[in-house]
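A.B. asks: Can you keep this structure in mind? I'll have questions shortly.
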Amino acid sequence: MYQKLIAFFNRHYRRYHDVLFYVLTLAVIVLTTGLAITITRDKNEQELINSREKEILVSQFTIKQKPIYVALQEAGLDNRQVSAIVDKLSSVANTRKLQSKDTYSISTTTDGRFAMLLLNQGLTRYFVADAGGQLVAGVSDVEIQTRVRSAAGKIEGSLFNSMLQDGITVPLVVDLTDAFSWNIDFNTETRNGDEFAAVWEEHYTQDGTITGQDLVAALYKGQVTGENYAFYYNDEFFDESGKISKKMFLKSPISFRGVRITSRFNPKRMHPILRIRRPHLGIDYAAPTGTPVQAVADGVVTFVGRKGGFGNYVEIRHTNNYVTSYGHLYRYAGKTKKGAKVKQGDTIAYVGSTGLSTGPHLDFRIKEGNKFVDFLKMKNRNSALRSIPKEQCKDFEELKALYLKALNEARAQEQTQAPAAEKAEEQA
């Protein structure tokens, strides 16, 4: 029997050997595949669990809405963690000087673990983050981007309101009037229908917050003033011919806002209080109390104090033997002291009604040598100080061409929008 069995195996060895090999191989494949599927399923389930654990929940507040430590407590952190985070933040930011408008965000994982605190103060960001169980803190500046914008319009009533309605902000209105302050007296020379246009660089953050606006080109075309351009180049404004817009004297000691001339230079004027004919050797600018008064030229303060009917009074000596005086002032600017040097455009005082005065106004006078002159009729007050250097003319002309194109495009857009707006009003 045993020998027959051996003979059977010897006779069929090759055939059964192959079958057995295939069976064993198939069993291994099935077992390996099953194990792989099981392992993969377990791995995917674990990755899903881990990903859920890594999801970040972000809550945003302002300091006015909620103190930082309160928000951290409400996020589920214990007092020890809150204290550690606030202390870490204090190492990079002055937490005692937080403003109500400052914003912050707290980031936590879904299982309640602290991830990050981000505090925004102006253009600076402070952060505290969990780096593998260790708190780290730092400072990063907000990225500022720049774009070019423009606007144009016409004067209808108030110059100030007309510009605001056409998209020019208050700081830009001031910059525009300052750029032309040596050529245009916005108190007396503006008329309804006058045209204006402005081009400026606008700086903004990623969330759209505007951080600044810089005027680079402007146009004012008026019935009295004619056509005037101002182009910003090398920290100064130049006209279209390349001459600097800055002149020896400003056109007015007060900007245009809410100001009007109530009395001009008149050797035979009737005094409103004394009721006698008494020469008025200056110009009266009516303006609200507290309106800033500017030095019309560089100079040295020679008098500060009370002076008879002028009330509070300032006198400034300039080059070429000129002297300007400012009367009926409410108060003086901090730097206005006898002997102090002032620059053209510096605020030296504020409009008031001191002395012999019927209301708040500025009495402005100018002497050439020992003789009072009519400031509005001075021939040499608009003489340009300098021009673009020859070696920079090409660069200036290229830049001016770009600015002119932007100004003209703004004017063209305003001209196409105006009829459409009028038509819409008629239909309404």
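The values are calculated or read from the model by the stated rules, or taken from the named source; none is laboratory data. Note that the structure is a prediction, hence the values are computed from the model and not measured. Positions of Cβ are generated from backbone atoms using ideal geometry, with glycine treated the same way; all protein chains shown enter the neighbour counts. Just so you know, the surface numbers come from the protein's heavy atoms only, side chains and all, with ligands and any DNA or RNA stripped out. Shrake-Rupley method; radii C 1.70, N 1.55, O 1.52, S 1.80 Å.
A.B. asks: In the neighborhood of Gln65, defined by Cβ-to-Cβ distances under 11 Å, what is the net charge if each Lys or Arg adds +1 and each Asp or Glu adds -1? Working shown, then result.
C.D. replies: On the way: positive: Lys64, Lys66, Lys101; negative: Asp102.
Residues close to Gln65 contribute a combined charge of +2.
A.B. asks: Given the peptides 150-156, 213-219, arrange them by the average over their residues of other C-beta atoms within 10 Å, most packed first. Don't skip to the end; give the middle numbers.
C.D. replies: Details: 150-156: 19.1, 213-219: 21.3.
The peptides rank, most packed first, as 213-219, 150-156.
A.B. asks: Between beta-carbons, use under 14 Å as the cut-off and find the net charge around Ile388, counting Lys and Arg +1, Asp and Glu -1.
C.D. replies: Neighbour charge sum, excluding Ile388 itself: -2.
A.B. asks: Then there's this: Could you sort Trp200, Trp182 by accessible area so the largest value comes first, with the probe set to 1.4 Å?
C.D. replies: Trp182, Trp200
A.B. asks: What's the FRET efficiency of Lys394 with Thr302 using the Cβ-Cβ distance as r and R₀ = 60 Å, to the nearest 0.05?
C.D. replies: With a Förster radius of 60 Å, E is 0.85.
A.B. asks: Another one. Nearest 0.05, what FRET efficiency do Lys337 and His203 give at R0 = 35 Å with Cβ-Cβ as r?
C.D. replies: Calculated transfer efficiency: 0.45.
A.B. asks: Grab the Cα-Cα distance for Tyr69 and Asn320, subtract it from 0.36 nm times how many residues apart they are, and report the gain in nm with one decimal. Intermediate values should be presented prior to the final figure.
C.D. replies: Values: separation 251, 0.36 × 251 = 90.36 nm, distance 6.47 nm.
Working it through step by step, the gained length comes to 83.9 nm.
A.B. asks: So for the range 294-417, taking the charge dipole from beta-carbon charges (+1 Lys/Arg, -1 Asp/Glu), which of Gln392, Asn408, Thr336 sits furthest toward the positive end?
C.D. replies: Going by the charge dipole, the pick is Thr336.
A.B. asks: When the C-alpha atoms of the range 57-180 are aligned to their principal axes, what extent does each axis show, in angstrom, from largest down?
C.D. replies: Principal extents (Cα only, largest first): 63, 28, 24 Å.
A.B. asks: While we're here: Using just the C-alpha positions of the range 286-340 as equal point scatterers, what log10 of I(q)/I(0) does the Debye formula give at each q in 0.18, 0.27, 0.28 1/Å?
C.D. replies: Cα-only, vacuum Debye calculation for the range 286-340: -0.58, -1.20, -1.26.
A.B. asks: Among 61-69, 119-127, 95-103, how do they line up from the highest to the lowest mean number of other beta-carbon atoms within 10 Å?
C.D. replies: On the way: 61-69: 15.3, 119-127: 17.6, 95-103: 12.6.
Those peptides, ordered most packed to least, come out 119-127, 61-69, 95-103.
A.B. asks: Right, here's the next one. Once you have the Kirkwood Rh of the range 88-242 from its Cα pairs, apply Stokes-Einstein at 25 °C and 0.890 mPa s and quote D in µm²/s.
C.D. replies: It comes out at roughly 129 µm²/s.
A.B. asks: Filter the trypsin sites (Lys or Arg not before Pro) in the range 297-346 down to the DSSP loop ones having no more than 12 other Cβ atoms within 10 Å, then list what survives.
C.D. replies: Of the trypsin sites (Lys or Arg not before Pro), the ones in loops of the range 297-346 whose Cβ has at most 12 other Cβ atoms within 10 Å are Lys335, Lys337, Lys338, Lys343.
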